[in-house]
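Structure first, then comments.
The values are calculated or read from the model by the stated rules, or taken from the named source; none is laboratory data. Note that the structure is a prediction, hence the values are computed from the model and not measured. Here the Cβ positions follow ideal geometry from the backbone for every residue, glycine too, while neighbour counts run over all protein chains shown.
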Amino acid sequence: MRLNEVTEFNKRRSWLSIIDLLLGAIIIVLLVVLLAAQEYVFALLFFCLALAGMWVYRSRAGRPYRLMFPALAVIFSFSVLPLLFTLFMSVTNYASSHMNSLESVTARLLEEYYVTGLTYKYQVLADGELYRLKLMRQDESYLSNPFSLPPVATQSLSLRAGGASLFLPEADLTKQVIFRQAFAFEPLVLPTGQQLTRLDFSTYALVATRYRQLNEGLVLANGTMIRDENTLFDNQTEHFLRANMATGYFQAIDGQGEFVGPYVTPGFVLLTGVEQYAAIFTDPASLLPLLKVLSWTLVFAALSLLGSFFIGLILAQLTLRPLGYCGYLYRCILLLPWAIPPFVSILSFKVLLAPHHGELANLFMLLFSTTPDWAHDVDSARYTLLGLSIWLGYPYVMLLVLASLKRIPAVYYEAAAVAGYGPLQRFFHVTFPLVLKPLKPVLVALFAFNLHNFVLVYLFNQGRPMMLDAFPAAGYSQLLLNYVYAIAFSAQQNYALASAITSFGLVLIGLVALAGWRWLNSNSLPAGIRHA
């Protein structure tokens, strides 16, 4: 290598080192900013992608991935980000009552106000083409200056005493709505200097800020000095409040600094570690219903898959025979459950199978002297859901099996006949394995779909009947996804517990998926026929 080439190479290396230092500094700064904003999930994702990008674009081993890295980064982000958020929420107390950070809750409390007791009823009166606001309280009354609706940009309201003997017609509802929209957040100042705030559709009141931040600190009765920006003073009750890091709420404290009194809502988000998981596995009221839901989810997915596959296989065998135009009509009829939108079929069967007045329920009662009471009987609810799942799933399997049957070479059947196989043996040793092998990935996907068949359960019976001893509430026919949805969007809206259960279910379903992928690699055609 010549001297000038070595010099040029060294210069390039020095410039690349400077660029690497700058990129590293930018990554560190952005990471610190995300951590300071308590965006832990985005910080972790950004850190992983930054390290991967540095390795891909700055190392010899990463060269083959340079063109693919942007696409892989996007796929990784959209696939892993929901999982990371789920795991993160499962180690917090995130719920409908705990949705914001401590700083956000503190700022919100500092914006609250309370009514001091001085309230006025108001009316919007029509004064010709203009309007006036009239305030009334016992023997006091105030009247505003005339204003237009909608108001002009420079218009404001001012009050003067009087107007008790002024009788003007009240403005129509449309103008009153415009007034509320235009002057909703504009305070009114009385001639005495007191400031009024509108509370609702008919009332103005004198309000005051409820909480005050103790920036100067607080000395307790035992002499302890507290300097905490999250220590507040309640102007209404004259109590001191602090953030309780064990419960996620602000609470009043006594002279010793102990928390007393009720919680002050809203609460704030806390990292609780494995508390949600511990609550699941240590409380029988939570663990036993979860295990029942998980076991039923796996049984439902497996039986739905087997029923759809075997019914689709049998019907495909029957429709494979040449039947002329009748055969096409026959196939169209069999494919109707797949052609009709699922929610229409589910709701139709819900009406037809309604206990005591559904048409199918009455038919069952007439033929068998019994009817499926899926609203109250556990077995009836589960059998009905299984039947609906198979009904909705078999046409798709039938189409795939038809395509696979037409691709089986006739020589395999000839070899099987030469080997002495009868019709049933040819079906089980030739047709079944040759149809099953190409459909294995589809069957694994159908199994995964049945594991998360949320719409069927939600539209048909919402998982009823309910378990009496379960907390949170669970249904005997609920799938895992329906159970998690009910926890996350019930009255309590416990997103943290729902995330913990989701994480636990993902581990179990992941093991089942691993077994399914291993099953995909197995061969199932008899050796005698393969080498015939």
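Some points to look at:
- Of the residues in region 502-516, at least one is over 18 Å from the mean Cα position of the chain (by Cα), of a type outside the set (D, E, K, R) and within 16 Å of Phe281 (Cα to Cα).
- Filtered residues of region 51-86 (kept if buried (at least 16 other Cβ atoms within 10 Å of the Cβ) and either over 30 Å from Phe268 (Cβ atoms) or assigned by TED's automatic domain parsing to the domain that holds Gly248 (or both)): Ala52, Gly53, Val56, Phe69, Ala73
- From the list Leu83, Leu109, Leu149, the one residue that fits, being touching a strand residue (DSSP E or B) at 6+ places or on another chain (Cβ under 8 Å) and at pLDDT below 90, is Leu149.
- Apart from one condition, Ser295 fits all of (1) under 27 Å from the mean Cα position of the chain (by Cα); (2) part of a loop (DSSP other than H, G, I, E, B); (3) polar (S, T, N, Q); the exception is (2).
- The set of residues from region 62-107 being within 27 Å of Val484 (Cα to Cα), of a type in the set (S, T, N, Q) and in contact (Cβ under 8 Å) with a residue 24 or more places away in the chain comprises Ser77, Thr86, Ser90, Thr92, Asn93, Ser96, Ser97, Asn100, Ser101.
- Single condition Ser477 does not satisfy, out of (1) among the small types (Gly, Ala, Ser); (2) more than 17 Å from the chain's Cα centre (by Cα); (3) modelled with pLDDT under 90; (4) not in a helix (DSSP H, G or I): (3)
- Scanning region 139-163 for residues that are charged (D, E, K, R) and outside any loop (DSSP other than H, G, I, E, B) yields Glu140, Arg160.
- Breaking point among (1) free of Cβ contacts under 8 Å to residues at least 40 places away in the same chain; (2) of a type in the set (Lys, Arg); (3) part of a strand (DSSP E or B), for Lys121: (1)
- The residue pairs whose first member lies in region 484-509 and is touching a residue at least 40 places away in the same chain (Cβ under 8 Å), whose second member is among the aromatic types (Phe, Trp, Tyr) and surrounded by fewer than 22 Cβ atoms within 10 Å (Cβ to Cβ), and whose beta carbons are closer than 7 Å, counting only pairs six or more residues apart or on different chains, are Ala500/Tyr277.
- Hits in region 259-293 - residues which are among the polar types (S, T, N, Q) and touching a residue at least 60 places away in the same chain (Cβ under 8 Å): Thr265, Thr272, Gln276, Ser286
- Within region 30-45, the residues that satisfy the criterion of being modelled with pLDDT of 80 or more and surrounded by 10 or more Cβ atoms within 10 Å (Cβ to Cβ) are Leu30, Leu31, Val32, Val33, Leu34, Leu35, Phe42, Ala43, Leu44, Leu45.
- Against the numbered list (1) surrounded by 14 or more Cβ atoms within 10 Å (Cβ to Cβ); (2) touching a residue at least 12 places away in the same chain (Cβ under 8 Å), Gln155 comes up short only at (2).
- Tally, over region 480-501, of residues that are within 14 Å of the chain's Cα centre (by Cα) and either aromatic (Phe, Trp, Tyr) or in a loop (DSSP other than H, G, I, E, B) (or both): 7
- Remark: pairs (first residue in region 24-38, at positive phi; second residue among the hydroxyl-bearing types (Ser, Thr, Tyr); Cβ separation under 6 Å; 6+ apart in sequence or on different chains) = Gln38/Ser101.
- The residue that is modelled with the lowest pLDDT, among those in region 195-218 that are over 15 Å from Tyr122 (Cβ atoms) and small (Gly, Ala, Ser), is Gly217.
Okay, residues lined up against (1) within 22 Å of His98 (Cβ to Cβ); (2) under 38 Å from the mean Cα position of the chain (by Cα); (3) free of Cβ contacts under 8 Å to residues at least 40 places away in the same chain:
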residue: Thr174; (1), (2), (3): no, no, yes
residue: Arg210; (1), (2), (3): yes, yes, no
residue: Gly217; (1), (2), (3): no, no, yes
residue: Leu232; (1), (2), (3): yes, yes, no
residue: Gln251; (1), (2), (3): yes, yes, yes
residue: Gly257; (1), (2), (3): no, no, yes
